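To start, the structure under review is shown below, and the notes come after it.
The values are calculated or read from the model by the stated rules, or taken from the named source; none is laboratory data. Bear in mind that the values here come from a model prediction, so they are computed numbers and not experimental data. Cβ placement follows ideal geometry from the backbone for every residue including glycine, while neighbour counts extend to all protein chains displayed. We work out accessible area using only protein heavy atoms, side chains counted, and drop any ligands, DNA or RNA first. Shrake-Rupley method; radii C 1.70, N 1.55, O 1.52, S 1.80 Å.
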Amino acid sequence: MLRLIGPAAYPGEHVSRREMIRIGGLLAGGVALPQLLGSPIARAAGQPKSFGIAKRCIMLYLSGGPPQHDTFDPKPDAPADIRGEFSTIQSSNGGYRIGEHLPLTSKWMHEVALVRSMHHTHNDHARGSYWMFTGYPFLGGVPEADNMTRADMPHLGSVIAKVAPQGSLLPWALVPQRMDVAGGRRVGQFAGMLGSKYDPLLPGGDPNDDNYKLEQIPLAPNLPADVARRRLKLVDQLDTQIESLHNSAQAQALRANQSRALDVVSSDAVRKAVDLSKADAADRERYGRNLFGQSVFLGRRLLQAGTRLVQCNWQRSQGSDGFAWDTHWNNFSALKDYLIPPFDRAFHALMTDLKQTGELDETLVIVAGEFGRSPKVTLKNAGREHWPDVYTVLFAGAGIKPGEVYGKSDKIGAYPAESPTTPADFVATIYHLLGIDPHREEHDQVGRPFALSKGDAISGIMV
C-alpha cells in the first residue's frame with residue numbers, strides 16, 4: 001500500500017519501482033481529481049425554479065435490478081403469479097401503498113417523487129447501467145469483460161467534475177468501489193472520453209469495518225495534515241524517475257493530479273469524512289452495520305466534506321446470497337432476508353439526517369437500478385427475470401415535488417401506460433437540478449463535441 005503518511009524522505013532516498021507503480025495507480029487510476037472550476041452556476045434566464053437548486057446529490061444504486069412489483073409499484077389486484085408473495089402497506093403518502101417489507105421507507109413517501117415509467121431496451125446489467133450512468137445506450141457488445149475504454153461516454157459524475165465541481169476537492173465518488181463482475185471493469189463508471197482527471201474517487205475496502213479508513217489513501221488522523229504535505233518530496237522523486245514517460249498521456253495526467261491528490265490527503269474535512277473509526281457508534285448503527293448501510297453512511301459524510309455527487313453501489317458481496325438484486329431465483333426470500341431490510345434502514349437513516357439538519361432542501365437523493373424485474377414469477381425458481389421494459393426510480397430532496405407520482409405502468413407492471421421515461425431523461429433531470437444545462441455541448445480529450453444528454457428533464461416531478 002502506498003505510504004503517503006509517514007516521515008519525510010531522507011536526502012538521496014529513492015522510490016522503488018513498486019512504489020512508483022502504486023503512486024501511479026493512486027493518482028492516475030483511483031483518485032484522479034479535476035482542476036477546481038470557479039463558483040456555482042447561476043440560473044440562466046428562463047430556467048425554472050428547480051434549475052440548480054441542488055448543491056449535492058447522493059444516489060443509492062441497487063445493482064442487479066430491484067423488482068418494482070415487490071417494492072414501489074406493487075400490483076395487489078394482479079394474479080398471484082404477478083403480484084407475488086408480499087402484501088402492501090400504507091405509505092405516508094395517502095395516495096398509494098408500497099411493499100410490506102419497506103416499513104421505514106414508507107414513512108418518507110410524502111417527501112418522495114416516484115417515476116414508475118422508466119424503460120429502455122438493454123436486457124443485461126452492464127449495458128443497462130451504462131445507459132443509466134451516461135444517458136446513452138452502449139453501442140458495443142455485452143460489456144461484461146474488462147473493456148472499459150476512453151472512447152466510452154462519461155459517467156454523469158465525471159461531467160459534473162469537469163463542468164461544475166463548485167470548488168470541491170472530491171467532485172464525485174463511487175462508494176465503496178465500482179461494480180465489477182469476474183474481475184472485469186464494467187463500462188460507464190469512469191470519465192471515458194473526458195480523460196482520467198475526471199475519474200471518480202474509489203474508496204475501496206469494507207466501510208463496515210470498525211476501523212475503516214480510505215483504502216487508497218491511508219490516513220493517520222493522529223498526525224497533523226502537514227505531514228502529508230512533506231510527502232511532496234516523494235512526488236519530486238517520482239518525477240525524476242518517470243522522465244522517459246513525460247510525453248505519454250498517462251504521465252501527463254499523473255503530473256496534473258499530484259498536488260490535488262495531496263490536497264485531498266491533507267484536507268481535514270476529507271480525513272474526517274473517511275475515517276469511520278472516529279464516527280459515533282450509534283450513528284453507524286442507525287444506518288445498519290452491513291456493507292451497504294455503511295457505504296451510505298460514508299457517502300453522507302463525503303457529501304458533508306464537499307463532494308457534489310456520491311454513488312453508493314450495492315455490491316454483490318452484500319449478504320450471504322452474493323447476487324445483489326439480481327433475483328433470478330428465491331426472489332422473495334432474498335428480498336425479505338437480505339436485500340430490502342438493509343436498504344430500508346439505510347434510506348431511512350439518510351433521509352432522517354438530511355431532514356433534521358435542513359440539508360434535504362439542498363441535497364438530491366436518488367434510488368435506482370439498471371432495470372426492473374419481470375412481471376411473472378418463474379415458478380420453478382421462484383424468481384423474477386431481467387425486465388428493462390418498465391421499472392421505478394425514486395427522487396427526493398432538492399427541487400423535487402414531494403409526494404409526486406410520475407408515469408404509470410400497466411396493470412401487471414410490464415410496460416409504461418403513461419408518460420414513458422428513459423435513462424436519458426433520468427440523467428438530464430440530475431444535470432438540471434445540479435445547475436447544468438443537460439443539452440449543453442461538451443468536448444472530449446481531442447476536442448470532439450457531444451451533447452451531455454439527448455433526453456429532457458422530468459418536469460413533472462420538479463418544483
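With the requirement that a residue be charged (D, E, K, R), at pLDDT 95 or above and assigned to a helix (DSSP H, G or I), what does region 109-166 give you?
Glu111, Lys162
If you scan region 203-215, which residues turn out to be surrounded by 21 or more Cβ atoms within 10 Å (Cβ to Cβ) and either out of contact with any Ser or Thr (no Cβ under 7 Å at 6 or more places or on another chain) or at pLDDT below 90 (or both)?
Answer for region 203-215, where residues must be surrounded by 21 or more Cβ atoms within 10 Å (Cβ to Cβ) and either out of contact with any Ser or Thr (no Cβ under 7 Å at 6 or more places or on another chain) or at pLDDT below 90 (or both): Pro203, Asn208, Leu214.
Considering Gly369, Gly358, which residue is open to solvent by 10 Å² or more (accessible area, probe 1.4 Å) and of a type in the set (Gly, Ala, Ser)?
Matching residue, one of Gly369, Gly358: Gly358.
Provide a single number: the residues in region 103-118 that are closer than 22 Å to Ala414 by Cβ and either aliphatic (A, V, I, L, M) or surrounded by fewer than 16 Cβ atoms within 10 Å (Cβ to Cβ) (or both).
At the first step, the residues of region 103-118 found to be closer than 22 Å to Ala414 by Cβ are 114-118.
Pick out the ones that are also either aliphatic (A, V, I, L, M) or surrounded by fewer than 16 Cβ atoms within 10 Å (Cβ to Cβ) (or both) and you get 114-115, 118.
Adding up the residues that qualify gives 3.
With the requirement that a residue be open to solvent by 10 Å² or more (accessible area, probe 1.4 Å) and more than 18 Å from Val365 (Cα to Cα), what does region 338-352 give you?
Tyr338, Pro341 - these are the residues of region 338-352 that are open to solvent by 10 Å² or more (accessible area, probe 1.4 Å) and more than 18 Å from Val365 (Cα to Cα).
Report yes if Asp263 is open to solvent by 10 Å² or more (accessible area, probe 1.4 Å) and modelled with pLDDT under 95, otherwise no.
For Asp263, the condition - open to solvent by 10 Å² or more (accessible area, probe 1.4 Å) and modelled with pLDDT under 95 - is met.
Only one of these is within 25 Å of Leu335 (Cα to Cα) and either out of contact with any strand residue (DSSP E or B) (no Cβ under 8 Å at 6 or more places or on another chain) or of a type in the set (Ser, Thr, Tyr) (or both): Ala428, Ala424, Ala382, Ala396. Name it.
Ala382
Confirm whether Asp283 is closer than 25 Å to Thr429 by Cβ, in a helix (DSSP H, G or I) and in contact (Cβ under 8 Å) with a residue 12 or more places away in the chain.
So Asp283 fails the test.
How about region 389-413: which of its residues are more than 25 Å from Ser50 (Cα to Cα), part of a loop (DSSP other than H, G, I, E, B) and either open to solvent by less than 10 Å² (accessible area, probe 1.4 Å) or among the β-branched types (Val, Ile, Thr) (or both)?
Once the filter is applied, which keeps residues that are more than 25 Å from Ser50 (Cα to Cα), part of a loop (DSSP other than H, G, I, E, B) and either open to solvent by less than 10 Å² (accessible area, probe 1.4 Å) or among the β-branched types (Val, Ile, Thr) (or both), region 389-413 yields Val390, Ile412, Gly413.
I'm trying to understand the selection: among the residues of region 308-346, which are modelled with pLDDT under 95 and under 16 Å from Val175 (Cα atoms)?
Across region 308-346, the qualifying residues are Gln315, Arg316, Ser317, Gln318, Ala324.
Say whether the condition of being farther than 21 Å from Gly369 by Cβ, open to solvent by less than 10 Å² (accessible area, probe 1.4 Å), within 14 Å of the chain's Cα centre (by Cα) and of a type in the set (A, V, I, L, M, F, W, C) is met by at least one residue in region 125-138.
So far as region 125-138 goes, no, none of its residues is farther than 21 Å from Gly369 by Cβ, open to solvent by less than 10 Å² (accessible area, probe 1.4 Å), within 14 Å of the chain's Cα centre (by Cα) and of a type in the set (A, V, I, L, M, F, W, C).
Residue by residue, here is whether (1) out of contact with any Phe, Trp or Tyr (no Cβ under 9 Å at 6 or more places or on another chain); (2) farther than 23 Å from Gly460 by Cβ holds:
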residue: Val365; (1), (2): no, no
residue: Ala382; (1), (2): no, yes
residue: Val393; (1), (2): no, no
residue: Asp410; (1), (2): yes, no
residue: Pro416; (1), (2): yes, no
residue: Ser419; (1), (2): no, no
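Within region 68-84, identify whether any single residue is within 19 Å of the chain's Cα centre (by Cα) and either open to solvent by 30 Å² or more (accessible area, probe 1.4 Å) or of a type outside the set (D, E, K, R) (or both), and answer yes or no. Give the derivation first.
First, pick out the residues of region 68-84 that are within 19 Å of the chain's Cα centre (by Cα): none.
Scanning region 68-84, I find no residue that is within 19 Å of the chain's Cα centre (by Cα) and either open to solvent by 30 Å² or more (accessible area, probe 1.4 Å) or of a type outside the set (D, E, K, R) (or both), so the answer is no.
Would you say Ile98 is in a strand (DSSP E or B) and of a type outside the set (D, E, K, R)?
Yes.
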